[in-house]
Amino acid sequence: MLTWPELDHNLHLNAKLSERIRSMATAAATRPAHVPPEHLGDFNLMDDPEMLPRPNGDPHKAIARLLDGPPVFYSLNNTRNGEGAWFIIRAEDQRRVLQDGETFSSNRNIFASALGEVWPVIPLELDPPEHGKWRSLLNPLLSPRRVMNLEPAVRERATELIEGIKARGNSCEIMTEFAFPFAVSIFLQFLGIPNDRLMEFVGWANDLLHSTPEARTRAARTVVDFLNDLQDQRRAEPTDDFMSFVTQAEVDGRKLTRDEVKQMSVLLFIGGLDTVAAALGFDFYYLARHKDDQALLRAEPERLTLAAEELLRAYPTVTPVRRATRDVELH
């Protein structure tokens, strides 16, 4: 028997499927001239029913279905601004694309486009050799030694949250009670901001990454305004945090400009808020369904590091996008 929430969700799924069918019917008419008809697919990262939130959505299952299809295909409306995209399925081809920055550019201006502006998130949306220059600037800040120095505080925060969950009962809603509070509090510490703004930041991240285009634009403007204000504060009174580091850093023998600091800070903000929490959610979801692996990790904790690496591989939270700079053939 379906409850009302389940019925409502299924009706929503049926509406989505009907919309997909209508979209498929018009795909041939809107197919770009350079796309052969046999290479036109209908997969959509934005509205595939499996990409919807839980309880019924399963994005990795949706993407796994692509392994049974062609190695390369084109599908319409697969970016937030409505563009179509080629999907590269096989690992060998993915490596070719991701390692050829000259042909497949990272410069997408995805965040800036929400503001109607054009500027790259640094260093993510820069191509070689510029990417390497800016990445080298950040390497000391994110070095293994510096990260290891954060471990006691990270472990303390995890323990604090877990003890709070234990005190309230035998179960929890993992995203709101652990994943987001844990990831965001560590990010705030890294940025040098007190925890009392934690839920405010989570709201910004949700609007920025998981909401309507209008809400995304408002959130992007809020984030940029906040980071610019923080930059001004740290230039006036530096501390031992990320923003102070980049405001004092030099590249090519000069200080970073105000825009360059903003463009670096945006990347940290997005990555620190949503990506880590999403990864934790997928990891805990897997372990909740596989009690045998839970038992194995409890019995052999030395496996934890390898397990974390494997879960990141199996349940990625980021879909890399590149733009071809010239005509190129794959297969």
| field | Where Rh is the Kirkwood radius over Cα pairs, Rg/Rh for the stretch 139-222 | value | 1.04
| query | Most mobile of TYR286, TYR74, TYR315 per a Gaussian network model of the chain (Cα springs, under 10 Å)? | reply | TYR286
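If I compute solvent accessible area with a 1.4 Å probe over the protein chains, what percent of it on the stretch 225-281 is carbon and sulfur?
Details: 1200 of 2410 Å².
Ligands and nucleic acids excluded, carbon and sulfur reach 50 percent.
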| note | D (µm²/s, integer) via Stokes-Einstein for the stretch 179-291, Kirkwood Rh across alpha-carbon pairs, 10 °C, 1.306 mPa s: value 105
| Mean ellipticity per residue at 222 nm, deg cm²/dmol - from DSSP H runs of n ≥ 4 across the chain, formula -39500 (n - 2.57) | -17000 deg cm²/dmol
| remark: Karplus-derived 3J(HN,Hα) from phi for the stretch 142-147 (6.51 cos²θ - 1.76 cosθ + 1.60, θ = phi - 60°), whole Hz, x at Gly and Pro, runs 10, 5, x, 5, 5, 5
| query | Which value, in Å² rounded to 10, gives the accessible area of PHE187 with a 1.4 Å probe and all protein chains present? | reply | 10
| Residue-wise HN-Hα coupling along the stretch 256-268, computed from phi with Karplus coefficients 6.51, -1.76, 1.60 (Hz; x: Gly, Pro) | 5, 6, 4, 5, 5, 4, 4, 5, 6, 5, 4, 4, 5
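In Å², what does the accessible area per residue of the stretch 190-331 work out to with a 1.4 Å probe? Working shown, then result.
Details: 8250 Å² over 142 residues.
Dividing the accessible area of the stretch 190-331 by its residue count gives 58 Å².
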| Gaussian network model of the chain, Cα within-10 Å springs - most flexible of PRO181, PRO301, PRO128 | PRO301
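Determine by what factor the alpha-carbon radius of gyration of the chain differs from 2.2 N^0.38 Å, reporting the quotient. Write down the numbers at each step before the final one.
Details: Rg = 21.8 Å, N = 331, 2.2 N^0.38 = 20.0 Å.
With N residues counted in the chain, Rg over 2.2 N^0.38 Å equals 1.09.
When the accessible area of the stretch 85-137 is split by element with a 1.4 Å probe, what percent falls to carbon and sulfur?
52
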| Of ARG135, ARG108, ARG298, which is the most mobile in a GNM of the chain whose springs link Cα atoms less than 10 angstrom apart? | ARG298
| remark: For the stretch 170-183, Karplus-derived ³J(HN,Hα) couplings (6.51, -1.76, 1.60; θ = phi - 60°; whole Hz; x for glycine and proline) come out as 9, 8, 7, 8, 4, 6, 7, 9, 9, 4, 5, x, 5, 4
| message | Based on alpha-carbon centroids, what's the gap between the stretch 165-201 and the stretch 83-133 in Å, whole number please? | response | 31
| What does the charge dipole of the chain about its Cα centre add up to, to the nearest 20 debye, if the Cβ of each Lys and Arg holds +1 and the Cβ of each Asp and Glu holds -1? | 160
| task | Sort LEU98, LEU297 from largest to smallest accessible area, using a 1.4 Å probe on the heavy atoms of the protein chains. | result | LEU98, LEU297
| request: With an 8 Å cut-off on Cα pairs and a minimum separation of 6 or more residues, tell me the relative contact order of the stretch 107-213 in percent. | output: 14
| query | Given a 1.4 Å probe and the protein chains all in place, what does the accessible area of TRP86 round to, in Å² to the nearest 10? | reply | 100
| Relative contact order of the chain, defined on C-alpha pairs under 8 angstrom at six or more residues apart (%) | 16
| field | Geometric extent, Cα atoms of the stretch 80-227 - Rg, Dmax (angstrom) | value | 19.0, 55
| field | Calculated Rg and Dmax of the stretch 235-331 using C-alpha coordinates, Å | value | 20.3, 56
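The values are calculated or read from the model by the stated rules, or taken from the named source; none is laboratory data. Please read these numbers as outputs of a predicted model, since none were measured by experiment. Counting neighbours? That spans all protein chains shown, and the Cβs are built from the backbone with ideal geometry, glycine included. Side chains included, ligands, DNA and RNA excluded: accessible areas come from the protein's heavy atoms. Shrake-Rupley method; radii C 1.70, N 1.55, O 1.52, S 1.80 Å.
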